[in-house]
Ligand SMILES: [Zn+2]
């Protein structure tokens, strides 16, 4: 990875030059609301701060605008947030519900307060927060007005404001950003502007995909930053937030950081940056995606292919394999029985004997899923490339 372009600088530290990946342009892309998106675009690593990113160019801005224009949240589950299966199986809980429980248990939250959810979509986080923290007043914010009625009907919600975050009235004890920061072209100044919205001791809770473990995240056209624990912490430091707690185990495959205003601003790129690690993460993920596509296309020569998963990985395989995809497989009760792009979404128990199903999940989750489903005894093969 080299190919420096002196015209575009890193959008996180604003200083570093970008080393672009020569392999990315050939990789099929998806949207963050899990739909296929044409290949193209650029992926790079900043030499100064080490953040994996999509350079912010007019072309990226055009792609992101097209994604948001057509956005439909959790469309494969009729608007229901995706489930998280603890330990690769068992009883599903929603991602936001799990996050609220983890923050409450590890940080401690008072019985009453005011909470603002930025980028609230149809209100999944507000609903989860209200259920577990019933004494709190909740406020939703999103640039789109599309889900206003749904959000305003959630118990505990006192307002919805489709405005820039700094223009939401009042101050807050907790501000949450779930899957927001990876979309923002200037994450440090965005976070810094939230400082004045926090009351004394107020907390900011950020959750983003963990770039170390999810190859499909790199393929999301509208995600411009791909964080690791180090680069996400560095963004908090640069924005003047003290990190209260951070971890990759609040929610599987996600990074969570809880910060408090009043930290010492630490310039980006001042810590030790391991560029080789960032670049090898990019190479490893892109090679894995290429191999998944190759396996799928080879399989499609002899049969209609089943695809396990109806989120990012399922969308990626749908884009890559097109008409060869015969059906989708999912264990999420909100999705089974629905139809996606003309294909049925069926439960693993309903997969015909002798079928082969490609797993559209990152390697870290695909391997346990394969082991568990094949141990079920049905004569179905589940395929995932070696990590
Ligand atoms: Zn940088």
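Below is a table of values for the structure above.
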read-out	value
Rounded to 10°, Cα long-axis angle of helix 363-375 versus longest principal axis of the chain	40 degrees
Sorted peptide list for 318-331, 202-215, 239-252, criterion being average Cβ within 10 angstrom, highest first	202-215, 318-331, 239-252
Principal-axis tilt of helix 95-107 within the chain, Cα atoms, nearest 10 degrees	40 degrees
Translational diffusion coefficient (Stokes-Einstein; Kirkwood radius from C-alpha pairs) of the chain at 37 °C, 0.692 mPa s, in µm²/s	152 µm²/s
At R0 = 35 Å, FRET efficiency that the Cβ-Cβ distance of residue 66 and residue 248 yields, to 0.05	0.65
Helix 312-321 vs. the chain, principal-axis angle (Cα, 0 to 90°, nearest 10)	40 degrees
Listed residues 160, 227, 236, most fluctuating in the chain (Gaussian network, C-alpha, under 10 Å)	160
Compactness of the range 173-249 - radius of gyration and Dmax, Cα, Å	12.5, 39
Cβ crowding within 10 Å averaged over residues, with 139-149, 357-367 ranked highest first	357-367, 139-149
Ordering of 374-383, 17-26 by packing [mean C-beta count within 10 Å, highest first]	17-26, 374-383
Inter-label distance for residue 386 and residue 298, nm, one decimal - labels placed 7 Å from Cα along Cα-to-Cβ	1.2 nm
Against the rule of thumb 2.2 N^0.38 Å, how large the Cα Rg of the range 300-383 comes out	0.98
GNM top mover of 103, 188, 307 - the chain, alpha-carbon springs below 10 Å	103
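Each reported figure results from applying straightforward, stated rules to the coordinates on display, with no laboratory input. None of these values were measured; they are calculated from a predicted model. Positions of Cβ are backbone-derived with ideal geometry, glycine not excepted, and every protein chain shown enters the neighbour counts.
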